[in-house]
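The values are calculated or read from the model by the stated rules, or taken from the named source; none is laboratory data. Computed from a prediction, not measured in an experiment: that's the story for all the values here. Neighbour counts run over all protein chains shown; Cβ positions are idealised from the backbone, glycine included. With ligands, DNA and RNA removed, areas are computed over all heavy atoms of the protein, side chains included. Shrake-Rupley method; radii C 1.70, N 1.55, O 1.52, S 1.80 Å.
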Amino acid sequence: SMIGLILFSGYSALVLLVDEFENLTLIPQQTRFRYMEEIRQFIDENPGRLVTVFATTPGAYVLLTQVPSALQRRLSGMETDLTFFTQADIREMITLYLALGRMKSADIASLVAKHPGTSLGTYPFEDAAIETALTKSRGLVSSIIKICRDSLEMAADSNLEVIGSDLVDKVKL
């Protein structure tokens, strides 16, 4: 009914993002199997109109898929492991994120010239801050996002021109 209503409203498809899917492992096995069958039916009844993304820990995924089921067969071969970020990944993420909000008229080159250790793509982050973010997060994507977001907010609140490793160190995880 929900998908029917959405499609009736003019949308052509629905993307359903399910986080913490591992919580299914916390409920009794029979109830879990019933939920998994309901999810499978939901997917099967909406081909071409529904994209479903489940986020779960690798250990829980093994638990959820070790007993053969129709849902397990639907998910098999469709999983993607999120890898830990490298320093290059962090630089790319920061560059792409900052590009979204940068004013076209901003003279980033002159700011970078004033602040050695920064670069055009990642300014106001110093290279040392990016290294510290990697060390502090151990490459965990969610931690990196929090570190970068909180660093930007702290720098803005304090009217800092650059984000150094000392500021990144102050972010609480």
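If you go through the stretch 117-163 and keep only what is of a type in the set (S, T, N, Q), in contact (Cβ under 8 Å) with a residue 40 or more places away in the chain and closer than 19 Å to R102 by Cα, you end up with just T118. Looking only at residues of the stretch 113-160 that are surrounded by 12 or more Cβ atoms within 10 Å (Cβ to Cβ) and charged (D, E, K, R), we find that the one that is nearest to L82 (Cα to Cα) is K146.
For the stretch 132-139, does any single residue satisfy the condition of being in contact with a strand residue (DSSP E or B) (Cβ under 9 Å, 6 or more places away or on another chain) and either farther than 30 Å from D44 by Cβ or hydrophobic (A, V, I, L, M, F, W, C) (or both)? Yes.
Note on the stretch 39-68: among residues that are of a type in the set (D, E, K, R) and surrounded by 11 or more Cβ atoms within 10 Å (Cβ to Cβ), the one that is farthest from the chain's Cα centre (by Cα) is D44.
Those residues that are open to solvent by 90 Å² or more (accessible area, probe 1.4 Å), at pLDDT below 95 and either farther than 19 Å from K136 by Cα or in contact with a Cys (Cβ under 9 Å, 6 or more places away or on another chain) (or both), I need them from the stretch 75-96; list them, please. M78, E79, T80, D81 - these are the residues of the stretch 75-96 that are open to solvent by 90 Å² or more (accessible area, probe 1.4 Å), at pLDDT below 95 and either farther than 19 Å from K136 by Cα or in contact with a Cys (Cβ under 9 Å, 6 or more places away or on another chain) (or both).
In the set (1) over 19 Å from Y61 (Cβ atoms); (2) surrounded by 10 or more Cβ atoms within 10 Å (Cβ to Cβ), S9 fails one condition alone, (2). Residues that are of a type in the set (A, V, I, L, M), part of a helix (DSSP H, G or I) and modelled with pLDDT under 95 within the stretch 100-129 comprise just one, L100.
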